[in-house]
Amino acid sequence: MPLITVEPCTFALFGALGDLALRKLFPALYQLDGAGLLHEDTRILALAREAGSEQQHLAHIEKELRKYVGKELEETIVQRFLARLTYVHVDFMKADDYVALAEKAGTEQRLIAYFATPAAVYGAICENLSKVGLAENTRVVLEKPIGSDLESSRKVNDAVAQFFPENRTYRIDHYLGKETVQNLIALRFANSLFETQWNQNYISHVEITVAEQVGIEGRWGYFDKAGQLRDMIQNHLLQLLCLIAMDPPADLSADSIRDEKVKVLKALAPISPDGLTTQVVRGQYIAGYSAGKPVPGYLEEENSNTQSDTETFVALRADIRNWRWAGVPFYLRTGKRMPQKLSQIVIHFKEPSHYIFAPEQRLQISNKLIIACSRTKGFPCV
């Protein structure tokens, strides 16, 4: 039985036919259903701009669900999950289209609006929800990246804030839902063996790597505007860095953990213009072979701009200017079309100052703590 109270809600997924929804969100909702974390009366509204019959679009969602969940599918749960779905054609920029959404959503249950869309339309969606009376008591979930820089991010957040207060606005980073990430706090602060040595006196450097075997897979329109730096570094990898580097929070509340993360971000040393050539590496994948099959290069992908300089690989050195991490470099790297799919953090401990064993073995004495995910079940391992 779940340890939390499960209440019924209406989950409105904007951008339901996009890559994020089909690849990540519907499978995640299916898993919640299978774990008993969706109330039997919870409904899911799949909202998208594509016209056509509801049956056609729901069949497509089912096909992609079976593809991405794969062998873990249980037919009973599949049918129960599909029975929750309703497809609603909505042009997100047209207020009149939200009338049909309001009729489908009703007022009996809390509405959760998940924006799996470009951030540029967040403000318009919030305004149109308000116009049809769907803003009150509704929670909105914003997907990253929220804007392309500080100015545009503030613009998007201000547009949302006109209709939804901060306590009903959720900025999601789905990487934080991984089991390994969730266990980082317990690994660090429940183990005095690690925590007493978790500083610059004992650690020489830290590596954080998230590698993907896939390319952009038809997401050129989104990815080329974001790039790997905005898509991965400034959210997923920085979140991991914060969890590794932060001081112990006062308690496990969301606010306390956030406060410690913010301290780490404020302590990050800016990368100067000169540092762009010494601390940062950017690149693009080219044509080659993946899993034994020929694959195109980034500039040869469908609908590509052959003049694009958007990075599909980035590696950088980050330095944290505080007493705990002074002089300890954090190496962050992520890329697509890499040799293997890999998410791991490696903590490199310093060598002892005096070595008494065979000299030829000295290179083998450095200790590493490797935090990764199992390739089979996805469970955390150390």
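For residue 6, project a label point 7 Å along Cα to C-beta. Then give me every residue of the stretch 26-56 with its amide nitrogen under 19 Å of that point.
Backbone N within reach: 26-45.
For the chain, find the longest principal axis of its Cα atoms and tell me its angle to the long axis of helix 150-161, 0 to 90°, nearest 10.
Tilt relative to the chain: about 40 degrees.
Which GluC sites (Glu not before Pro) in the stretch 271-360 pass both tests, a DSSP loop state and at most 15 other beta-carbon atoms within 10 Å?
Values: sites: 300, 301, 302, 311, 360; in loops: 301, 302, 311.
For GluC sites (Glu not before Pro) across the stretch 271-360 that sit outside H, G, I, E and B with at most 15 neighbouring Cβ atoms in 10 Å, the list reads 302.
Once label points are set 7 Å from the Cα along Cα→Cβ at both residue 277 and residue 324, what is their separation, rounded to one decimal in nm?
Reported label-point gap for residue 277 and residue 324 is 3.5 nm.
What is the gain in length, in nm to one decimal, between residue 40 and residue 149 on full extension, counting 0.36 nm per residue of separation less the C-alpha to C-alpha distance? Don't skip to the end; give the middle numbers.
Values: separation 109, 0.36 × 109 = 39.24 nm, distance 4.12 nm.
Net length gain for the segment: 35.1 nm.
Take every DSSP beta bridge whose two residues both sit in the chain, then give the antiparallel share in percent to the nearest 5.
Values: 30 of 60 bridges.
The antiparallel fraction comes to roughly 50 percent.
Count neighbours as other Cβ atoms within 10 Å of each site's Cβ, and list the trypsin sites (Lys or Arg not before Pro) in the stretch 126-162 that are DSSP loop with at most 15 such neighbours. Don't skip to the end; give the middle numbers.
Working: sites: 131, 139, 154, 155; in loops: none.
Here no loop site has a sparse enough neighbourhood.
So what does residue 176 come to for accessible area, using a 1.4 Å probe and Å² rounded to 10?
Here the accessible area works out near 50 Å².
Which of 189, 313, 223 moves most in a GNM of the chain, Cα contacts under 10 Å?
189
Test of the criteria: in the stretch 71-124, which GluC sites (Glu not before Pro) are in a DSSP loop and have at most 15 other Cβ atoms within 10 angstrom of their Cβ?
Hits after loop and neighbour filter: 74, 108.
Counting only the backbone N, which residues of the stretch 116-154 are under 17 Å from the spot 7 Å out from the Cα of residue 162 toward its beta-carbon?
Counting only backbone N, you get 119-136, 147, 152-154.
Need one value: the accessible area of residue 93 in square angstrom, 1.4 angstrom probe, rounded to the nearest 10.
110
Two decimals, Cα atoms only, Kirkwood Rh: what is Rg/Rh over the stretch 141-230?
Working: Rg = 18.3 Å, Rh = 17.0 Å.
Value, to two decimals: 1.08.
Between residue 56 and residue 192, with labels modelled 7 Å along Cα→Cβ, what's the label distance in nm to one decimal, could you check?
6.7
Using 0.36 nm times the number of residues separating residue 247 and residue 75, minus their current alpha carbon distance, what extension gain do you get? Walk me through the numbers on the way to the answer.
On the way: separation 172, 0.36 × 172 = 61.92 nm, distance 4.53 nm.
So the chain would gain 57.4 nm between residue 247 and residue 75.
The values are calculated or read from the model by the stated rules, or taken from the named source; none is laboratory data. The shown structure was predicted, so the numbers you read here are calculated from the model rather than taken from an experiment. Glycine gets a Cβ as well: all are built from the backbone with ideal geometry, and neighbour counts include every protein chain shown. The area values use the complete protein model at the heavy-atom level, side chains included, leaving out ligands, DNA and RNA. Shrake-Rupley method; radii C 1.70, N 1.55, O 1.52, S 1.80 Å.
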